[in-house]
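Note sheet for the following structure.
The values are calculated or read from the model by the stated rules, or taken from the named source; none is laboratory data. Note that the structure is a prediction, hence the values are computed from the model and not measured. All Cβ positions, glycine included, derive from the backbone under ideal geometry; neighbour counts span all protein chains shown.
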Amino acid sequence: MDTQIELQISDLDNVPHGKLIKFMGDLDATNVESTLDQVTKLIKEGFVQIVADFRNLRYVNSTGLGILLHFSKTAKEKSGCFKIANVNDNVYEIIEIIGANTLLDIYDNVEEAIGSLQARR
């Protein structure tokens, strides 16, 4: 059975090349390809300042975490960044168990993540 993930993508005001991506649902092996395609397309289009809002992300597995690390690496290679905000305890626990909390830029809320982007300029 496929699990559902929905991405809502919007512009980030006052952040050149910035996008906010709201992740809703579960991110796992059944839907990782569509997520990869959508975010990779944004990065290729030059949107490399990305804030991922995980407020409504219920679950992520190691496959999903792998693409999050890929997004972070790809954005950095293009002089950008991939920041994560509003991570619930269940998702953070998985990130921490795998050790990805030291590799991902994680913020308590979207405002802090956006502020860190604006500070980079």
Would you confirm whether or not region 111-121 contains a residue that is at pLDDT 95 or above and either of a type in the set (S, T, N, Q) or within 21 Å of GLN4 (Cα to Cα) (or both)?
no
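Here is a yes/no grid of residues against (1) touching a helix residue (DSSP H, G or I) at 6+ places or on another chain (Cβ under 8 Å); (2) modelled with pLDDT of 95 or more; (3) in a strand (DSSP E or B); (4) farther than 25 Å from ALA119 by Cβ:
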position	(1), (2), (3), (4)
MET1	no, no, no, yes
THR30	no, no, no, yes
GLN38	no, yes, no, yes
SER72	no, yes, no, no
What are the pairs, 6+ residues apart or on separate chains, where a residue within region 14-25 that is at positive phi has its Cβ under 6 Å from a residue that is crowded, with 18+ Cβ neighbours inside 10 Å and among the polar types (S, T, N, Q)?
HIS17/GLN49
Positions within region 16-34 being over 19 Å from GLU77 (Cβ atoms), of a type outside the set (Gly, Ala, Ser) and surrounded by 13 or more Cβ atoms within 10 Å (Cβ to Cβ), in sequence order:
LEU20, LYS22, PHE23, MET24, ASP26, LEU27, ASP28, THR30, ASN31, VAL32
For region 60-113, name all the residues that are in contact (Cβ under 8 Å) with a residue 24 or more places away in the chain, among the aliphatic types (A, V, I, L, M) and more than 16 Å from ILE21 (Cα to Cα).
VAL91, ILE94, ILE95, ILE98, ALA100, LEU103
